Structure formats: C-alpha cells, structure tokens
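Right, one structure below, let's go through it.
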Amino acid sequence: MLFLNYIWIIPLLPAFGAAMMFFFGRKLQKATVTAVCVGVVVLAFLVACGSVLEYTAWANAHNHQPYQTILYTWLGSDTGHLGYLTHDGSQAAFQADAGFLLDPLSSIWLLFVTGVGMLIHIYSIGYMAHEGGYYRFFGYLNLFMFSMLTLILANNYVMLFVGWEGVGLCSYLLIGFYFHRKSASDAANKAFIVNRIGDAGFLLGMFFIAWLCGSLRFVDVNVFAHLGNHSPETLKYITAATLLLFLGACGKSAQLPLYVWLPDAMEGPTPVSALIHAATMVTAGVYMVARSNALFVLAPTSMKTVAIIGALTAIFAASIGLVQNDIKRVLAYSTVSQLGYMFLALGVGAFTAGVFHVFTHAFFKALLFLGAGSVIHAMSGEQDMRHMGALRDRIPVTYWTMLIATFAIAGIPPFAGFFSKDEILWQTWTSEGGAYRLLWFIGYVTALMTAFYMFRLIYLTFYSQPRMSHEVEHHIHESPKSMTVPLVILALMSLMAGWLGWPHSLGGSDRFVRFLDPVFARGEAHVLVEEGKAGQLAAGEKEEEKTSSIEYLLMFLSVAAAGVGWLLADRAYAKADKGFAEPIAVMSPPLYKTLLNKYYVDEGYDYAVTGRRKVGDVRLGVMGLGEASSWFDANVIDGAVNGAGWLTRITATFSSWWDKWIIDGIGVNGPAILARMLSYPARLFEWGLVQWYALVMTAGLVGFVFYYVYH
C-alpha cells in the first residue's frame, strides 16, 4: 500500500509549506512562494486520491472496517499513570494517540477539502498577485490546510480538537489579513471569541465521552455506543455529552445563536471566504456530529435539538440574505442557511443526506465565492451590487460559471444541489411526527428564499442596467486564467457531483449512500426503529414503491420553489436601474429595515455584551456590569483599603509627633535642658584650661595677700 500506510504525510505536506513561509518567506521570490505553497497542496491532493483508492480495495477485503495507523501515544501512556474512574466505576487510562483514521466519511471530506483547497490556492495566485504580504497569505492558507486535514484524519477526539483549534486560529489570521483595517481586525476578534464559546462546549462534551466510554478513540466510542442496553442514567449522560458537542458545532459551523461571526468573515480576502465558507472550517461542526452519529442516535433529545436549530438557522439566515447588497455578504448568509440544511438532515437521522449536501455544497459555494471574487476583481474592488449591472458580456466566463452555481444552489435539476437538497427535504418529510412536517415546511420555504436571493444576485450583477461609475466601467475586464480555470473546474463539479447520489426514484443506484453505509447504516437503522419504521428495514423496496408518488410530488414542489424564486427575482431586478426599489421595501418598509439590519442581532449582542448603548451616563450590558464592578472595586473596595491606609498613616503621624514632642521633648529632653540652663553659670568658670586655672589661682593668691596686708 504505497499511499495508505503514509496517510499521515497528507497534513504534513501543507505544514511544511507553512513552516517555509514563516521562517524564510520574506526572503523568497513570489514564484518560489507559489511553487512551494501551491505545490504541497497539489501533492496532498494526489496522495489523498491514492489513499482513498487504496482504502476502497483494502476495505472490501476487511469487511469495510476503518483503517487506522497510530504513530505514537501523544498524551498518557499504556502504563495507566494518567488513570481515572469511568461512570461505571471501572479504571481507565487516559490516552490520546497521534493517530490517523481513514473510512468512507473521512475519505469524502479528504477528497473535497484537498481538491477545493487546491483550486483555491491556484485561484489565489492571480487574485493576490498585487497584494502585500503574499508569502504570509499563502503561509496562512497552508497552515489552515494542515489544521483541517488533521481534523479530518484524526482517529480520536483529542487530535480532532487540535485540528479544530488550528482552523480557529487560522481563521483569525486569515480574516484579519488586512490587519491595518479596523473592520478586519474586529471581525477576526469576533470570530475567535465566538468560536471559543463553542469550543468550551466541545471540551466539556469530550470529557463526558472519556468518562462514559473510557476512551476517546472513535472506534472505541462506537463500540461502546453499539453495545446496547444502556441504562436510563447512562442515556442521560450521553444526551448531555452530545448537546455539549453540538454547542461546539454551533460555534464552528455558525448555527443559532453563534452564527454572527461568519458574515463578518467577509473582511478577509475572497479566497479566504471561499476556503472558510465552502469546504473546510464551517463544515467541521457537521463532520464532528456525523462522526459522533453512534452517540447522537442514542439521544433523541439531542437529535431533535440539532434538527430544530438547523431548520431555524436555515430560514433565519435565508431571510436576511434576501435584502443584502454586498455580494459576498449575500453568499455568507447563504452559507449559514445551507449549513442549517445540513444540520436539519443530521437531526432527522439522515446522516448520509447531510454529508451528501456538504459534498455538493463544497463545489457550488466555492464557485460562487471565487466567482464573486472575479466580479470584485473586474469592478476594481467594488462589492456593492447596487453599483454593478450588465456584466454578462464583459466577463462571460465568470457569468456562466456563477450561473451554473446558482442553478445548483437553487435546486434546479440536474445540477448538484437538486439531488442533495431534495434528499434532505424528503428525509425530513418521511420522519414521523407533525413537528417534522413543520421542519419540512421551513426547509421548503428556505429553498424558495434561496432561489430568490441567488437569482437576485445574478440579475443585479450580470443583467439589469449598468450602475457603476464611468471610471470603474472603463476598467472592467475578465480575470486571468489562474482565476478562471478553477471556476470552470468547479462549474463542472457543480453540475456532475450530484449524480453520485442519483436517487432510486429517478432510476439511479445512489452510490453515495452505499459508500457511506459502513459508517451510518446502524445509526440510521436505529433512528428508523425509534420512529417505528422497523418494517421498512425488511421491506425497503415495498416502502419505496408505496411512497414514490409522494416523493415525486415533493420533488416537483421543490423544483417549483426554485422556479418561483427565479421568476420573482426576474420580475423585480431584470431591468433594475440606479435607484431601483426593493420589492420588500415597497411592500413593508419596517420588515425591509429589519432584514437589512439582520434582525438587529449584532446590535443586541453589542447591547448585551459590550454595552455601547447608554441610558443617561450609565453603561449597560455585561461590559457595563464589568465597568460597574470595576468602579465598585476601585472606589469601594480599594477606597476602604486606601482609607484604612490613610487612617493608619494619620495615626502613625500623630504617634510620631507625640513621641517626638511630648515624650522625648518634655519627658526626656526637658529635664536635660533645665539642668543645662541651671548649670550654665557654673560652666562659665569651668573652662577646662590648666593655664586659666593657674591664672585664677595666682589672682586669688594675690588677692588674699593684698587683703591681708591691707587690713
């Protein structure tokens, strides 16, 4: 096995490129930077392809088992010196390997992450050609690829968390690449802080899993989950663990209420937006939940939570995208909405459908972002769609490729998005319970909104009337080959990627489902049993025949939603001129203002956390409480301390004065001064000079003699 035994080299290749840039990049020529950083990603893609091909043959010979290779024990040891007690009282040794795992799930992520990442690297050659910090940008990209590949190939939760934190760090660096702009710096900080909230949940969930299962290896966790006959108390712990893991996924994959960082990530260069939003960082949460499917299916409460949060996020973000004017921000909210679709699928137990949508979404969303970058490049940096228009003939390659991606995301057959999105809606509809029908309706309305805002983008950018300035219009040009060739490749994938999951109802064999069966079959079967569909397992074909008419109806309604959204966008924006009216603004100005301001969620967080809005002179919010606490500490606590200090100083000063002037001055020095004063007359005659004493004695003797003679 030429490649499979060395899958650990896949993440090390971009790590080498990143190290080269950070140590020597400043001294290297652009051509060398390009050759190293793009070359290592191309090699990683080739090794990934070879590894997946070898794994397919290896799995057929080993009963479709996951392939693992463990280099060494990273944390802990086999001696158990880091031992702990599990929930059932047994002894376990904490151990985290530097280990790598390849199975159908990681194979899919590995292929599209390296493939799309490679195209984004190639695209960046042209896009960043005239930017400063060229080596630094590619160093960050390579480091991002290393972190994401570590996350994908990890064989345990600790290694996955290392990659998880790595992509968080790299997103901070890439979003804040233009660090001289305050908006970019603020967006990078926002992404980093919001993700830390989710990461805290991930850590707690990981501790729960170690305590429950006695191991953090995915294989061991799956064995524990598949044992069956778990006690009600154990199932409660599993529910708590999965909910905490999902909190981490909400942060990384931008679900309510932690989605706010993702739209602001548009402050980074466009290739960064494509890398973060398409196939890498934002799908990490989906990957983690899908990887933990054996635990999630044991926690119905967690599954319902995932489905509800996913559906609400999908329609919430889609409604905001209806009125946004920044071309990249429309796509950002589209990403949040599509991620909601993925979690909706995972929550109803359709893990394969959710992963399939991740796969197709990677291509058409990367294409949309890179296409938007090509538009911005042609428009000399302009991102506001109100200042675009009539670009169809000016940049034809960009137009046709973005149109294909729009067909795909809108769900128009036979483009890729149709197959994955329709499968999610179908699986949601067939889930038992009226609540799931409500979730289907939310997903259906979201599909209509998606078609509307995406064709709105197409019409405002490539059709309608030209609305740019004459100076910008004079410089409009198609992007270089290094940018357009990746667009064409992604356009082909946006068309054909969905064919891997061609459904049985349309005469296909759904090879994508069969490939993922070893990972998800038991979990999806468990969901069917929980929903009372055990008969469907034994008579799948009969069930399929029974529901095919409903499936065709829902399929037709899905395509109809895309058509209605397209038609509405055509009527509203096909001839849009300067100062055109938004239909939502005409129908309901308050609703338009609310959507344009994104439901004031950012302002709400700002009000609740930073407290920038004031009532009088009192700052509110968490930071306001912090300032109040700081004032209390400075003026009350420190005031009391300082007051005690001043009192001590005053007392000490008075004591010093009393000791100096009363005790020493009167009690000690007073008698001494009095004695000195009284002894002063005597001291006049006590000079201490022998000559003076002799003179006085002589004078006295003479005086006595004179007195005696006189008398």
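The values are calculated or read from the model by the stated rules, or taken from the named source; none is laboratory data. All figures in this text were calculated on a predicted structure; none of them were measured in a lab. All Cβ positions, even for glycine, are placed from backbone atoms using ideal geometry, and neighbour counts span all protein chains on display. These area figures cover heavy atoms from the full protein model, side chains too; ligands, DNA and RNA do not enter into them. Shrake-Rupley method; radii C 1.70, N 1.55, O 1.52, S 1.80 Å.
A few remarks follow.
- Whenever a residue of segment 571-586 is in contact (Cβ under 8 Å) with a residue 24 or more places away in the chain and assigned to a helix (DSSP H, G or I), its partners that are open to solvent by 30 Å² or more (accessible area, probe 1.4 Å) and small (Gly, Ala, Ser), lying with C-beta atoms within less than 9 angstrom and at least six residues away or across chains, give the pairs Ala572/Ala581.
- Considering (1) surrounded by 18 or more Cβ atoms within 10 Å (Cβ to Cβ); (2) under 21 Å from Pro486 (Cβ atoms); (3) of a type outside the set (Phe, Trp, Tyr), the lone condition that Glu131 does not fulfil carries the number (1).
- Search result, residues across segment 468-512 that are assigned to a loop (DSSP other than H, G, I, E, B) and either without any contact (Cβ under 8 Å) to a residue 24 or more places away in the chain or surrounded by fewer than 21 Cβ atoms within 10 Å (Cβ to Cβ) (or both): Ser469, His475, Ile476, His477, Glu478, Pro480, Trp502, Pro503, Gly507, Gly508, Ser509, Asp510
- Filtered residue count, segment 170-183, keeping only those that are in contact (Cβ under 8 Å) with a residue 24 or more places away in the chain, in a helix (DSSP H, G or I) and under 25 Å from Phe23 (Cβ atoms): 5
- Looking at Leu212, Leu203, Leu216, just one residue is in contact (Cβ under 8 Å) with a residue 40 or more places away in the chain and either under 30 Å from Phe45 (Cα atoms) or crowded, with 22+ Cβ neighbours inside 10 Å (or both), and that residue is Leu216.
- Of residues in segment 262-301 being polar (S, T, N, Q) and more than 20 Å from Asn155 (Cα to Cα), the one surrounded by the most Cβ atoms within 10 Å (Cβ to Cβ): Ser273
- Entry remark, segment 550-563: residues being open to solvent by 30 Å² or more (accessible area, probe 1.4 Å) and either within 34 Å of the chain's Cα centre (by Cα) or free of Cβ contacts under 8 Å to residues at least 24 places away in the same chain (or both) number 5 in total.
- Considering (1) modelled with pLDDT of 95 or more; (2) among the hydrophobic types (A, V, I, L, M, F, W, C); (3) under 18 Å from Ser147 (Cβ atoms), the lone condition that Val272 does not fulfil carries the number (1).
- Subset tally (residues that are open to solvent by 30 Å² or more (accessible area, probe 1.4 Å) and modelled with pLDDT under 90) for segment 515-524: 3
- All positions within segment 587-611 that are farther than 20 Å from Arg456 by Cβ and assigned to a helix (DSSP H, G or I): Pro590, Tyr600, Val601, Asp602, Glu603, Gly604, Tyr605, Asp606, Tyr607, Ala608, Val609, Thr610
- Yes/no for Ala362 being touching a helix residue (DSSP H, G or I) at 6+ places or on another chain (Cβ under 7 Å), in contact (Cβ under 8 Å) with a residue 60 or more places away in the chain and within 20 Å of Met402 (Cα to Cα): yes
- Taken over segment 142-163, the criterion of being under 18 Å from Ile108 (Cα atoms), out of contact with any strand residue (DSSP E or B) (no Cβ under 6 Å at 6 or more places or on another chain) and of a type in the set (A, V, I, L, M, F, W, C) is satisfied by Met145, Phe146, Met148, Leu149, Leu151, Ile152, Ala154.
- Residues that are out of contact with any Gly (no Cβ under 8 Å at 6 or more places or on another chain) number at least 1 in the following strands (runs of 3 or more DSSP E) confined to segment 1-104: 67-76, 83-85, 95-102.
- Condition met for Asn222 (in a helix (DSSP H, G or I) and either more than 21 Å from Gly198 (Cα to Cα) or modelled with pLDDT under 90 (or both)): yes
- In segment 122-141, the residues that are at negative phi and in contact (Cβ under 8 Å) with a residue 12 or more places away in the chain reach residues that are assigned to a helix (DSSP H, G or I) and open to solvent by 40 Å² or more (accessible area, probe 1.4 Å) with C-beta atoms within less than 7 angstrom, at least six apart or across chains, in these pairs: Tyr127/His377; Tyr134/Lys30; Tyr135/Arg26; Gly139/Phe22; Tyr140/Leu173.
- Taking the numbered list (1) within 13 Å of Asn142 (Cβ to Cβ); (2) in contact with a helix residue (DSSP H, G or I) (Cβ under 6 Å, 6 or more places away or on another chain) in turn, Ala35 passes all entries but (2).
Residue by residue, here is whether (1) open to solvent by less than 10 Å² (accessible area, probe 1.4 Å); (2) part of a helix (DSSP H, G or I); (3) under 27 Å from Tyr287 (Cβ atoms); (4) in contact with a Leu (Cβ under 8 Å, 6 or more places away or on another chain) holds:
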| site | (1), (2), (3), (4) |
| --- | --- |
| Gly371 | yes, yes, yes, yes |
| Gly389 | yes, no, no, yes |
| Trp400 | no, yes, no, no |
| Ala408 | yes, yes, yes, yes |
| Glu423 | no, yes, yes, no |
| Tyr459 | no, yes, no, no |
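- Yes/no for Phe112 being open to solvent by 20 Å² or more (accessible area, probe 1.4 Å) and either more than 29 Å from Phe369 (Cβ to Cβ) or of a type outside the set (Gly, Ala, Ser) (or both): no
- Selection status of Leu448, closer than 18 Å to Leu403 by Cα, open to solvent by 20 Å² or more (accessible area, probe 1.4 Å) and without any contact (Cβ under 8 Å) to a residue 60 or more places away in the chain: no
- Scanning segment 302-327 for residues that are within 28 Å of Lys593 (Cβ to Cβ) and either surrounded by 24 or more Cβ atoms within 10 Å (Cβ to Cβ) or among the aromatic types (Phe, Trp, Tyr) (or both) turns up Gly310, Ala311, Thr313, Ala314, Phe316, Ala317, Ala318, Ile320, Gly321, Ile327.
- Residue check for Ala249: hydrophobic (A, V, I, L, M, F, W, C), open to solvent by less than 30 Å² (accessible area, probe 1.4 Å), in contact with a Gly (Cβ under 9 Å, 6 or more places away or on another chain) and over 30 Å from Tyr123 (Cβ atoms): no
- Output for segment 625-667, where each listed residue is hydroxyl-bearing (Ser, Thr, Tyr) and modelled with pLDDT of 85 or more: Thr648, Thr651, Thr653, Ser655, Ser656
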